[in-house]
Structure formats: structure tokens, C-alpha cells
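Undergrad: One structure follows; several queries about it will come next.
Nothing in this text is a laboratory measurement; each read-out follows from the coordinates by a stated rule. What you are looking at is a predicted structure, and each value in this text was computed from that prediction instead of being measured. We place every Cβ from the backbone using ideal geometry, glycine too, and count neighbours over all the protein chains shown.
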Amino acid sequence: MNIPFVDLKSQYASIKNEIDTAISEVISNTAFVGGPFLKAFEEEFAAFCRTKYCVGVGNGTDSLFISLKALGIGEGDEVITAANSFVATSEAITMAGARVKFVDIHPETYNIDPARIEEKITPKTKAIIPVHLYGQPADMDPILEIAAKHDLRIVEDAAQAHGADYKGRRIGSIGDAGSFSFYPGKNLGAYGDGGAIVTDNQELAEKAHMFANHGRADKFGHKFEGVNSRLDGLQAAVLSAKLRHLDEWTESRRRNAYLYNEYLADTDLVTPREIDDVRAVYHLYVVRVPKDRRSDLQDFLRSKASQRASTTPSPCRT
Ligand SMILES: *Cc1c(COP(=O)(O)O)cnc(C)c1O
């Protein structure tokens, strides 16, 4: 039996009516770009992130890029980020015209090591992009302290961390801006590409909104050249329907992760480590194994998967 990495078909089957209704409402209203479905989702997602504003954009890479542009970061500037993120994080910095400065990760959390940030700061440094990789919150307190001390902006890359918390604060609401991806396989996934920026800063939200829509202030007024990167109505309606289930899905991810921790406790696999006082959302459950034993582990897991197929149906669904 092949256990799918992400089972979006069974997820759809479990909420088919809600999704089908949402899609047909958008089509009957022909509210494809902008419109009420986008506005509703932006309000719901801002509330979910505990921020004042949410700006829907075309994808998670653009949400990072547009956040940087709206913060006035570009040519001649440097932006610090984690060395191990998905390529989109550094791509967005380069797209904005700035230079990427990588900081190494903490060996146990796999997130940016705050103790190593200051050595990379120069007079050109303008911002830090901490990445909450695999849904594990990065250690924000020391990062906030460093940013305040050096007058740097923070854009959280929360593409893998929808609904995670750090010391009682929602991930995405802690920095100047939080950046999300709604790529289908993410914890909150659209039925195509999508992304969003959340912030409490009204000016930043307005700039980001305009930049993502050709620098447009009103129908015929364009204040500056931006890009076309919008979250469309169909995606927004799908996301609204799925957002209502996200807490429940996150709880089942967390339960599964803790079960894995229990089952793997007596092995020599290194299992994910949460820092204190966080709610991790386990976009991925990543284990570390010595390189020379990697293929043995794969073979072992494959043999277990076929055993399971012949005895019980898979209980796992995310
Ligand atoms: C998915 C992802 C992105 C980019 O999102 P897209 O929607 O695919 O553009 C950025 N950063 C991280 C950490 C991601 O996992």
C-alpha cells in the first residue's frame, strides 16, 4: 500500500457539500477577482491570526515579496533569514532587489538560531525573516529584541504554521507582517495557489493591497507600479470553508505527532523538539536519522505500510 504524503481527496470528501456550495456561490455571483468572498475571507483570516488586517495575494512567495516591498525594502538592503528554508524565502528577498544573508539554524529546533543573528547584521541590514519551519514556532522573543535594538523590521514566514502560537501569541501576528501560503498541501490549502499578509499596521496593509493590485488606489488611479498578485474569489471561498475546520485538523495533526513521539521514544531517531510554551502545528513531522541508515529506515517503513494494509485500514487523515 502506498500511503499518500497528503490526502487531499479524503479531506475533500469529508467537506464536499461545503466546498461545492462555496464554489457554486462564487460562480453564480461571478465574484472572481476582489468582491465579497475575498473580503469575507480576509476578515476571517485576520481574526484567526488575531491581527487587524489581512491582504490576500497570489501565493506565499509573493506575500513575502510584497511585505518587503510595502516595508520599503529593496536595492542596496540586506535581509536575514534561516539557511534551511524552502527556496521561496530567499527568492522573495532577491525579487525585492535586496541581498539574502543566511543565518544558521539551531541544531535541535531547525529554526533560525537567534544567538547567531547579530554577527550577520551590517549597516545595510533592514529586516529579518524568521521561518516557522515544519509548523514549529521560531523563538521570537530574542529575535524581537535584536530587531528593536538594530531598528530592523520582521516579516514572519508562516507558510507552514497556520494557527501556531508562541507564548500565547498567534504566529504571524508577532512581527511587522506575517506571510502565509495557501498552496494546496499547506495546513490551510486552497484549490490552487494563494497567499496572504497579516498585520496590525494599517499603512502597511494598504500599501501591500495596492502593490498586489497594480499599485491601484481606485478604479482609474494608480499611485505606483506594483504587480498583479491577487487571491481570487474561488480560492477565498474554498479557504473560508476550510478555515472553519482548521482547528480540528490541527488538533489531529498534534495528536498524531505526540503519538509518533511516544512510539519512537525507544528508537535512536531524533524526533521534533518544541521550544517552551508554544503550540506547534506539525505541517511536517521531521525525524533525523544518520545518513547511512536512511535507506534502511525507508525500507522498514515501507514493509510496515504493507503489513498495515493487509490488517487494518489507515486511521490517519489530516
Ligand atoms: C510554501 C512556502 C513558501 C511559498 O509559498 P508558495 O505559496 O508556494 O509561493 C514560502 N515559505 C515557506 C517556508 C514555504 O513552505
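Undergrad: Can you name every residue in region 184-227 that is within 15 Å of the ligand (Cβ to nearest atom) and either farther than 15 Å from F45 by Cβ or of a type in the set (A, V, I, L, M) (or both)?
TA: Listed by number, the residues that qualify are P184, G185, L188, A190, Y191, G192, D193, A196, I197, V198, A212, V227.
Undergrad: Starting from region 80-102, keep only residues that are among the basic types (K, R), then list their pairs with residues that are surrounded by 20 or more Cβ atoms within 10 Å (Cβ to Cβ) whose Cβ atoms are within a distance under 6 Å, requiring at least 6 positions of separation or different chains.
TA: Pairs that qualify, where the first residue is among the basic types (K, R) and the partner is surrounded by 20 or more Cβ atoms within 10 Å (Cβ to Cβ), are K101/I80.
Undergrad: Another one. Would you check which residues across region 217-243 are part of a loop (DSSP other than H, G, I, E, B) and either under 28 Å from I27 (Cβ atoms) or of a type outside the set (D, E) (or both) and list them?
TA: If the condition is that a residue be part of a loop (DSSP other than H, G, I, E, B) and either under 28 Å from I27 (Cβ atoms) or of a type outside the set (D, E) (or both), then K219, F220, K223, F224, G226, V227, S229, R230, L231 are the ones that fit.
Undergrad: So which residues in region 61-81 are more than 11 Å from K124 (Cα to Cα) and not in a loop (DSSP other than H, G, I, E, B)?
TA: Matches in region 61-81: T61, D62, S63, L64, F65, I66, S67, L68, K69, A70, T81.
Undergrad: Based on this model, can you work out whether A147 counts as surrounded by fewer than 19 Cβ atoms within 10 Å (Cβ to Cβ) and more than 16 Å from the ligand (Cβ to nearest atom)?
TA: When the stated conditions are applied, A147 does not pass them.
Undergrad: For region 156-175, give me each residue that is part of a strand (DSSP E or B) and either within 11 Å of A138 (Cα to Cα) or within 12 Å of the ligand (Cβ to nearest atom) (or both).
TA: Within region 156-175, E156, D157, D165, Y166 qualify.
Undergrad: If E156 passes every condition in (1) acidic (D, E); (2) touching a residue at least 60 places away in the same chain (Cβ under 8 Å); (3) buried (at least 16 other Cβ atoms within 10 Å of the Cβ) but one, which one does it miss?
TA: Every condition holds for E156 apart from (2).
Undergrad: I'm told G178 meets every condition in (1) small (G, A, S); (2) more than 10 Å from the ligand (Cβ to nearest atom); (3) outside any strand (DSSP E or B) except one. Can you identify the failing condition by its number?
TA: Of everything listed in (1) small (G, A, S); (2) more than 10 Å from the ligand (Cβ to nearest atom); (3) outside any strand (DSSP E or B), G178 misses just condition (3).
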